[in-house]
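See below for the structure under consideration.
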Amino acid sequence: MSKIDITQHVLVPKHSKVSEKEKKELLQKYSLTLKELPKILSNDTALKSLDVQEGDVVKIERNSLTAGKSIFYRRVAL
Amino acid sequence: MVHEQLKQYVEKIPNKLLEELEAHCPASKLKKAAEKLCEEYLNANIAPGEAVGLISAESIGEPGTQMTLNTFHFAGVAEMNVTMGLPRMVEILDARKSISTPTMEIFLKSPYNKGKDIRDVALQIKETSTSYFVKEFTINVTNLSIELNLDQEKIREVHTSVKTLAKALEKALVKEASIKLVEGDNIELKLKGKDEKSLNVLYKLKEKLKDIYVTGIKGIKQVLPVKRKDEFIIITAGSNLKKVLELEFVDTTRTVTNDIHEINSTLGIEAARQAIIDELLKVIEAQGLNVDLRHIMLVADTMCMGGSIKGITRYGVVSEKASVLARASFETPLRHLTNAALVGEIDYLDSVVENVMLNQPVPIGTGLPRVIAKK
């Protein structure tokens with residue numbers, strides 16, 4: 001099976017892992033608990049090239065039609 | 001790059017607005033303009049506690065009443081149907097697993113996108129079964145065998161050989177028949193085992209033969225090369241994104257399908273969210289209606305919150321609600337109430353519907369803030 005790089009697809013926004021420090025800042029800024037973040041499944045195909053585990057937070061840079069670029073966060077869940 | 005004087009607004013104002021401001025505003029007035037822009041932007045923001053979901057539901061539902069109920073819409077020249085209008089919208093919002101007309105738009109790499117071998121490429125993608133290659137089936141009653149008279153031209157057309165065809169047949173019919181190549185590149189099938197019913201079995205075998213998959217991509221039932229702007233793309237009936245993306249002549253960055261679950265499994269949840277938005281917009285625009293993008297984005301976000309796609313149905317988003325009463329008020333109330341009673345669920349009355357039921361102020365708008373006493 002040939003490997004396809006799906007991160008290049010137009011529908012797939014950029015995913016990146018958020019460091020522990022940034023994660024803390026993020027949760028504090030919006031006064032959230034980790035559980036309140038939207039989920040992304042750990043077997044999601046867009047996460048394949050990222051080394052993430054359950055409980056990590058993923059930063060997603062969407063190309064929004066209204067705001068140009070918008071940043072979204074999801075927590076990795078099983 | 002953002003101007004020095006705009007740095008303080010980067011966090012407060014969306015990028016797109018800042019870029020626009022920078023492009024149109026002379027540098028001397030930038031600071032003042034930015035201040036005003038920030039003020040205007042904050043005013044335009046929706047107020048905390050506003051019932052955005054309700055507004056979205058109305059904004060999408062009202063144009064929905066004006067949509068055509070026609071299921072079919074002709075896309076292009078060939079007899080290809082695509083579900084549009086209200087049925088398609090319901091399909092997307094319910095997140096149906098199997099949609100009524102799956103289609104793909106396959107973009108090709110250069111030089112194929114300029115029309116090189118376009119017919120050839122299209123035929124390679126299409127799922128082909130035995131019957132496509134066979135000119136004639138000859139049944140030999142005494143030998144209990146079937147001879148397939150093959151059309152060599154068609155075999156060459158889709159880049160296969162008689163051998164691969166024979167292999168495919170062998171694989172599919174291991175138990176029933178033995179396969180032999182005979183003169184003139186034809187295939188002979190001989191029935192295994194003999195008894196009185198053999199003749200019947202033979203006829204059944206012939207029918208079965210016709211639908212045996214040989215080459216192409218499973219699920220792609222029709223292909224249609226079309227020219228869009230200045231490149232050729234292939235539109236298909238039937239969808240199989242994963243397999244199509246593996247083909248070498250396919251542009252893997254732009255090829256899409258209208259099956260949202262397929263996008264979720266091959267490209268991930270974020271791609272699926274974007275696909276929901278795109279598909280809904282396509283439906284709304286095709287009807288000449290106009291719904292603000294933000295409502296659609298809210299729906300798509302809600303559907304993709306939990307990491308997988310959930311439809312706006314009693315099995316999807318609604319089943320996720322924390323409140324028993326809210327779930328019961330949507331559909332199948334008795335079942336929700338009895339199940340909740342069985343396990344002793346607690347309703348914290350944090351949301352709207354349950355409070356309406358109990359004749360209490362709802363926690364939206366001015367009902368949201370609470371009074372806190374100073375100690």
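Table for the structure above
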| read-out | value |
| --- | --- |
| Relative contact order computed over chain B (Cα-Cα under 8 Å; 6+ residues apart), in percent | 18 percent |
| For segment B:234-240, 3J(HN,Hα) per residue [Karplus equation, 6.51 cos²θ - 1.76 cosθ + 1.60, θ = phi - 60°, Hz, x = Gly/Pro] | 10, 9, 10, 9, x, 9, 7 |
| Kirkwood Rh in Å, taken over all unlike Cα pairs in segment A:5-78 | 12.9 Å |
| Whole-Hz couplings from phi, Karplus 6.51/-1.76/1.60, listed for segment B:6-17; x for Gly and Pro | 9, 3, 5, 9, 3, 6, 8, 10, x, 4, 4, 5 |
| Relative contact order for chain A, counting Cα pairs under 8 Å that sit 6 or more residues apart, in percent | 35 percent |
| Other-chain or far-sequence residues with amide H under 5 Å of B:I187's (modelled H) | B:L148, B:L150, B:V182 |
| Summed residue charge, Cβ within 15 Å of B:K116's Cβ, Lys/Arg positive, Asp/Glu negative | -2 |
| Choice from B:N140, B:N200, B:N258 with maximal GNM fluctuation in chain B (Cα, 10 Å cutoff) | B:N200 |
| Acute angle (nearest 10 degrees) that the helix B:198-210 long axis makes with the longest principal axis of chain B, alpha-carbon atoms | 50 degrees |
| Net charge of neighbours whose Cβ lies under 10 Å from the Cβ of B:I55, counting Lys and Arg as +1 and Asp and Glu as -1 | -2 |
| Low-density loop cleavage sites - GluC sites (Glu not before Pro) in segment B:317-375, where at most 13 other Cβ are within 10 Å (DSSP) | B:E331 |
| Segment A:38-78, relative contact order [Cα under 8 Å, separation at least 6], % | 52 percent |
| Sparse-neighbourhood loop sites, GluC sites (Glu not before Pro) in segment A:7-78 - DSSP loop, at most 15 other Cβ within 10 angstrom | A:E54 |
| Environment charge of A:K23, counting only residues whose C-beta is closer than 14 Å and scoring Lys/Arg +1, Asp/Glu -1 | +2 |
| Rounded tilt (10° steps) of A:20-29 against the dominant C-alpha axis of chain A | 60 degrees |
| Long pairs among A:K35/A:K69; B:K114/B:K310; B:K167/B:K243; B:K114/B:K180; A:K39/B:K97, criterion Cα-Cα beyond 31 Å | B:K114/B:K310; B:K114/B:K180 |
| Computed over chain B, Kirkwood Rh from alpha-carbon pairs, angstrom | 26.4 Å |
| GNM flexibility winner over chain B from B:T257, B:T302, B:T138 (Cα, springs under 10 Å) | B:T138 |
| Cβ charges +1 (Lys, Arg) and -1 (Asp, Glu), total dipole of segment B:4-44, debye | 120 debye |
| Rg [Å, one decimal], Dmax [Å, integer] - segment B:279-375, C-alpha atoms | 17.5, 60 |
| For A:7-19, mean number of other protein chain Cβ atoms within 10 Å | 5 |
| Candidates B:V324, B:V299, B:V182, ranked by Gaussian network fluctuation over chain B, Cα under 10 Å, top entry | B:V182 |
| Nearest-20 debye value, the protein assembly as shown charge dipole, Cβ charges on Lys, Arg, Asp, Glu | 740 debye |
| Loop sites in segment B:114-186: chymotrypsin sites (Phe, Trp or Tyr not before Pro), DSSP, at most 15 other Cβ within 10 Å | none |
| Backbone HN-Hα couplings from phi across segment B:311-321 [Karplus 6.51/-1.76/1.60, Hz, Gly and Pro as x] | x, 7, 9, 6, 8, x, 4, 5, 5, 7, 4 |
| Segment B:324-367 - Kirkwood radius from inverse mean 1/r over Cα pairs (Å) | 11.0 Å |
| Share of alpha-carbon pairs per 5 Å distance bin for segment B:40-194, given as whole % | 1, 7, 10, 11, 9, 9, 9, 10, 9, 7, 5, 3, 3, 3, 2, 1, 1, 0 |
| Peptide-level mean, for A:65-77, of C-beta atoms on other protein chains within 10 Å | 4 |
| Average partner coverage of B:235-245, which counts Cβ from other chains inside 10 Å | 1 |
| Chain lengthening between B:K154 and B:A27 when straightened (0.36 nm per residue, less Cα-Cα) | 39.0 nm |
| Positive-end residue of B:L30, B:N43, B:I13, charge dipole of segment B:4-44 with Cβ unit charges | B:L30 |
| Quotient of C-alpha Rg and 2.2 N^0.38 Å, computed over the protein assembly as shown | 1.28 |
| Sorted largest first, extent of segment B:191-251 alpha carbons per principal axis (Å) | 62, 20, 14 |
| Cβ-placed point charges (K, R +1; D, E -1), dipole of chain B about Cα centre in debye, nearest 20 | 700 debye |
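Coordinate-derived values only; no laboratory data. This is a predicted model, so every value here is computed, not measured. Using ideal geometry, Cβ is built from the backbone for each residue, glycine included, and neighbour counts are taken over all protein chains shown.
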